[in-house]
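These notes concern the structure reproduced below.
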Amino acid sequence: MFKLAKLAKRVKQKTAKTRSGPVDKATLKAAVIDAIKTIYDPEIPVNIYDLGLIYDITIDDNFFVTVDMTLTAPACPVAEIMPGQVENVVKSVRGVSDAKVNLIWDPPWSQDSMSDEAKLELGLL
């Protein structure tokens, strides 16, 4: 009887994790990237991930996500709202326990940060 209860508890825990969203960091990171790709720079018709504004995404063992990002320029008109948009969209991903966005300026953004798809979209390739 004890072994059966233990097994039932393990199955219940695994099911709960599966229902809450991705259960491993790689899958969760892919879901976070997909969510970030829904945010577009208002002045450039490219999502901010392909634009190269996202420098790093880290996920700790508690599924807390930290995003390091930059903007195209310090005087960017969305400097006050875009980091909050990114934080909110990351927090909305199933499986994320919480999120924080760090706005960084070093290294500065350049066109070299853009994906080939973004460069193609903007006629730079």
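The values are calculated or read from the model by the stated rules, or taken from the named source; none is laboratory data. What you are looking at is a predicted structure, and each value in this text was computed from that prediction instead of being measured. Glycine also receives a Cβ, built like all others from the backbone with ideal geometry; neighbour counts cover every protein chain displayed.
Pairs only if they're at least six apart or on different chains, beta carbon under 7 angstrom, first in the stretch 97-121 and free of Cβ contacts under 8 Å to residues at least 12 places away in the same chain, second among the aliphatic types (A, V, I, L, M) and part of a loop (DSSP other than H, G, I, E, B); list them, first residue then second.
Qualifying pairs under 7 Å: ASP116/LEU125; LYS119/LEU125.
Could you tell me how many of the residues in the stretch 107-125 are part of a helix (DSSP H, G or I), of a type in the set (A, V, I, L, M, F, W, C) and over 18 Å from MET82 (Cβ atoms)?
Adding up the residues that qualify gives 1.
Take the stretch 44-56 and flag every residue that is surrounded by fewer than 20 Cβ atoms within 10 Å (Cβ to Cβ) and over 18 Å from LEU120 (Cβ atoms).
TYR55, ASP56 - these are the residues of the stretch 44-56 that are surrounded by fewer than 20 Cβ atoms within 10 Å (Cβ to Cβ) and over 18 Å from LEU120 (Cβ atoms).
Tell me, yes or no, whether the stretch 76-88 has at least one residue that is within 14 Å of VAL32 (Cα to Cα), in contact with a Ser or Thr (Cβ under 9 Å, 6 or more places away or on another chain) and in contact (Cβ under 8 Å) with a residue 40 or more places away in the chain.
Checked the stretch 76-88: no residue is within 14 Å of VAL32 (Cα to Cα), in contact with a Ser or Thr (Cβ under 9 Å, 6 or more places away or on another chain) and in contact (Cβ under 8 Å) with a residue 40 or more places away in the chain.
Please verify whether THR18 is modelled with pLDDT under 95, out of contact with any strand residue (DSSP E or B) (no Cβ under 6 Å at 6 or more places or on another chain), not in a loop (DSSP other than H, G, I, E, B) and not aromatic (Phe, Trp, Tyr), treating the condition exactly as stated.
Yes, satisfied.
Need the failing condition index for ALA118 against (1) surrounded by 15 or more Cβ atoms within 10 Å (Cβ to Cβ); (2) in contact with a Pro (Cβ under 7 Å, 6 or more places away or on another chain), just the number.
With respect to (1) surrounded by 15 or more Cβ atoms within 10 Å (Cβ to Cβ); (2) in contact with a Pro (Cβ under 7 Å, 6 or more places away or on another chain), ALA118 is out only on (2).
Taking the stretch 82-106 on its own, how many of its residues are under 18 Å from GLY52 (Cβ atoms) and part of a strand (DSSP E or B)?
3
Considering every residue within the stretch 59-81, establish whether at least one is in a helix (DSSP H, G or I) and of a type outside the set (Val, Ile, Thr).
Scanning the stretch 59-81, I find no residue that is in a helix (DSSP H, G or I) and of a type outside the set (Val, Ile, Thr), so the answer is no.
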